[in-house]
Structures are given as C-alpha cells and as structure tokens.
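Down below is the structure, laid out as structure tokens.
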Amino acid sequence: MRVGRRCALLIAITALCATSFEAPAHAADQNPPFIPAAADWLTTVNYYREMAGVAPVAEDTSMSPGAYNHSCYMLLNDIAHDEVPGAPGYTAAGDTAGNNGNVAVSSATSVTQRSFVELWMTGPFHAIGMLRPNLQRVGYGQCENASAARWHSGATLDILRGLGQRRSLSAPILFPGNGTVTNLTKFIAESPNPVQMCGWGTTGAGLPVIAMMPEGFSANPTASMTGPSGPIETCVLSRHNTTGSAQSILQGDNAAVVMPRSPLTAGVYTVSVTTSARSVNWSFTVDPSASDSVAAAGPPPAAGPTSGPNGWEPIPQARFVDSRIANGATKLLAGVTKRIRLTGRLGLPTDATAISGNFTVVNPAGAGFLTVWNCSNPTPVVSTLNFGNGEAVSNAATTPLDSSGDVCVFSPVDADILIDVSGYYSASATARFAAVVPERVL
C-alpha cells in the first residue's frame, strides 16, 4: 500500500530560538542520556526516537540536498510542501523533498538544528512521522537567508522516502516514553492545529503526549493525566474526531494524542490511555533544564573482567556531578528520583561496581535528606546525609552502582547536588581494601 502524504504543513515559527498494558517502571534521569544544547539534527532526531523506544535512523545523503533546496525555496517564496515550477529557487529535488518531509521556517537567523527538530516534536502530526518504527533513512537540509523578505531560516526533514516495511507492533509506542526525562513542555505551532481541534481556540497548550497502538480501535479513546499539582484537563485526538491530513496520520499509525490544556511544569506526569482494545499507563518526568545537561567528558576508562572478587582502586579525585552548572545531572526536583550515569568517564571504568565518593547538597529549598543508592527497588529508607533549609552539607560514602554504572539519588525538596569520586571497586582493580571493625577513636 502506498504511504500517503502524512506530513502536515507547519505554520511559521515566530518565537523559535481491551487488554491492559502496564509499562515497566524506571527511575528517571539521563534516560535517554542527555545531548548537547546545540546537538545536530540527526543526534536530536535519534534522541527523541530513543525516548520513544524505537531504533535510530541514518542520514540518506541522497535526500539531504533536496531538503536543503526546498528550505531555501521557502525563504524566497513562503512555507509550503509544494514548489511551483518557475518560482525563485525551484528545483525538482526540492519539490520532492518538500512533499515527503516536515517543513518549518523562522524569522530568526542562526536557528539551531536542534530547535527545528524540537519544534516538530512538539507538534503531534509531525512528531508521529519522526517516531515511526519502520523509519530507517532520513534527509535534512537547513537554509539561511538574512536578506529574505520574511523568513530568514528554513528546514526540511524528509521522513517518508526512507520508510521500510511496516511490521506489527508488539506494544504501544509512547512519547515521552515511560521513565524518560524531557525538557519539552508545550505545544508551539502546527497546521493543522491540534489546539483548535480540541475546541480551545488558538491559545497555547502543553506538550502533546502520543500513544501509537499496535491495533486500531473502534471509538475515540479516553485518557487521564496527572501532574505534580494533580489531575490535568486534557483533550484526546484520534481518527474518530479529526479530519483531513490529521485524520490520515492518526489512522495510519493507530495513534491517540493526549493534549494537556496548559504547558507542563517540572515534575512527574502519569498518563493513562484506554482504547476499545487495550489500556496503557505510564509516567515521565519534565525537567526544563535537561535540554543542555551533558556529562563532562573524560579520558577513556580501562575496562576489565567482571568475574572474581572486587578490588579497590583509587583515582585522582574528580567532580562527576555539579547540577549547578548542569554537569552530569540537573537539579534535584522534590520527590523525584534522579538516575545518574557515573562510569565510563573521568577514569571510572565501566566494570566498577561501587564508588568511594563525597556527596554534597547545596541550596536546598527546605530541610530534608539525601538518599543515594544503586537504583534497586524499593527505594531504601536510609539517609546518606541530612540538611537544613539553605544549608550546604557534605558526607563521604561508599555506594554500590547498578549494572549500568548508575546511582540513584532522591531528595524530598528541590536541591543541587555535587558528587566527587576518589576511587572505585571492581574485579579488575589491583589494590585491595581492608575493612576494620568500626571504633570511635576520638
């Protein structure tokens, strides 16, 4: 069956700079690992695909020139999928790319590639096309023209010509995925406009939440969404209450879109979607600062065997986490477990099973405690350190890591966290740690 034209026209960017399925629970942070604020378009596309649990795509370099041509065409004419022969900037390759892609324009110059991709991800009819599991190859082109009359930046992402054979889904595709962290908080712009379809006029809305089901459904789904402050007003869109290109996209991907009435704020959100065939329940975390939280790079670690007894190995003390500058993690949110990857950088090898480190809480919003553990369930009822309102407190501790080299941290109040590591335990370590019976010496 021929794939229809499922790339709805994106209106101009002016502000841009019954079975039951229960998704497995995960602690959330750096899931998927954060990418740089100025990440390129392909890194950003695959970041959000990983957030939905689908495989990465590759650039098809034969598609990208046409995408570039079409982006330049839009700056000379106006935003559109089609190109008119004889119009300024017309090319046959550009016309083909425009008719097979997401398109966007901006009145600003020097718009980052990531910004264009994230704009599409906040529009459900564009995001669905980027999240299809059978999408394998994409082309991208971005053009700037400061002297153009109206639009000065344009982008095109070819998402239809690289589709592979469609296969049956074994489980729903969810965005944002279960246990993930996203910096996206709100709907920006899209045509057709999902906000108008919800009967909310042209005012703003929160980040659209997407569920692409394995099967079709006979009636419009129902949904509920709960955030940090309680239940949220939502509207559910599907093929049953939409028309035109929106209906074609939603029907083709068995998709339900949950539109929150207001922009999302920092915290954990729980979503439930029920169709005539199944129910799915999941949660994700919104962290607006996650857009530029990147772990500090370090020298390649020395990996070793994982069998045998663990030894101790000191390393030059290094700061692995400083949430004040978004190094390694973002600020702790009250009541939200944060997962932090430690191994694989700054001399800490991937086979490390525990670390010796110093944990510091800075600028807490109130009195509370910090719990650090290896992400096992349930969260242990222990305190690594206690602190008062606004108080900076440190404590040294030896903490086990999970099999991925992560630790989890929890605070009942907002706070910044610092983690300094001075050594580790692993099977490849050459030194040994000798324990003694605890005894008060002073």
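Any read-out appearing in this document is the output of simple, stated calculations on the displayed coordinates, not a laboratory observation. From a predicted model like this one, the values you see are computed outputs, not experimental measurements. We place every Cβ from the backbone using ideal geometry, glycine too, and count neighbours over all the protein chains shown.
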Expected vector for region 211-222, Karplus 3J(HN,Hα) from phi with 6.51, -1.76, 1.60 and θ = phi - 60°, integer Hz, x for Gly and Pro, equals 10, 9, 8, x, 9, x, 9, 8, 8, 5, x, 10
Can you work out the Karplus-derived ³J(HN,Hα) for every residue in region 116-123? Use 6.51 cos²θ - 1.76 cosθ + 1.60 with θ = phi - 60°, whole Hz, and x for glycine or proline. 5, 4, 5, 4, 5, 5, 8, x
Which order do the peptides 157-163, 36-42 take when ranked by the mean count of other beta-carbon atoms within 10 Å per residue, highest first? 157-163, 36-42
Stretch gain in nm, segment Ala392-Thr265, where the contour uses 0.36 nm per residue and the Cα spacing is subtracted: 43.1 nm
From the backbone phi of region 224-235, what are the Karplus-calculated ³J(HN,Hα) couplings (6.51 cos²θ - 1.76 cosθ + 1.60, θ = phi - 60°) in whole Hz, Gly and Pro given as x? 9, 9, 10, x, x, 9, x, x, 10, 5, 9, 10
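Specify whether the C-alpha gyration tensor of region 137-202 places it in the rounded, prolate or oblate class, a ≥ b ≥ c being the square roots of the eigenvalues: rounded for a/c under 1.5, otherwise prolate if a/b is larger than b/c and oblate if not. The partial results should precede the final answer.
Numbers: a/c = 2.00, a/b = 1.28, b/c = 1.57.
Since a/c reaches 1.5 but b/c is at least a/b, the shape of region 137-202 is classed as oblate.
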Given region 295-426, what whole percent of its Cα pairs are spread farther than 17 Å? 55
Potential extension, Ala318-Ala149 segment - 0.36 nm per residue separation minus Cα distance: 55.7 nm
Given labels modelled 7 Å from the Cα in the Cβ direction, how far is it in nm from Thr350 to Gln165? 3.2
Using the per-residue mean of other Cβ atoms lying within 10 Å as a proxy for protection, in what order, highest first, do the peptides 265-274, 329-338 fall? 329-338, 265-274
Loop only per DSSP, at most 13 neighbouring Cβ atoms within 10 Å: give me the trypsin sites (Lys or Arg not before Pro) in region 74-160, ordered by residue number. Arg150
Between region 52-70 and region 332-408, how far is it from one alpha carbon centroid to the other, in angstrom? 39
Gain upon complete extension [Ala58, Ser276; 0.36 nm per residue less C-alpha separation]: 74.9 nm
Given a Förster distance of 30 Å, report the FRET efficiency between Thr243 and Ser289 from their Cβ-Cβ distance, rounded to the nearest 0.05. 0.20
For Ala108, distant residues with modelled amide H under 5 Å away: His152, Ser153
If each part is reduced to its alpha-carbon centroid, region 186-232 and region 313-329 end up apart, in Å, by 39
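Looking only at Cα atoms, what is the convex hull volume of the chain per residue, in Å³? It would help to have the intermediate numbers written out before the result.
Values: hull volume 76.3 nm³, N = 442.
Each residue corresponds to 173 Å³ of Cα convex hull volume.
So what is the diffusion coefficient of region 125-254 in µm² per second by Stokes-Einstein at 4 °C and 1.567 mPa s, using a Kirkwood Rh over Cα pairs? Before the final figure, lay out each step's value.
Working: Rh = 17.0 Å.
For the chosen part, D equals 76 µm²/s.
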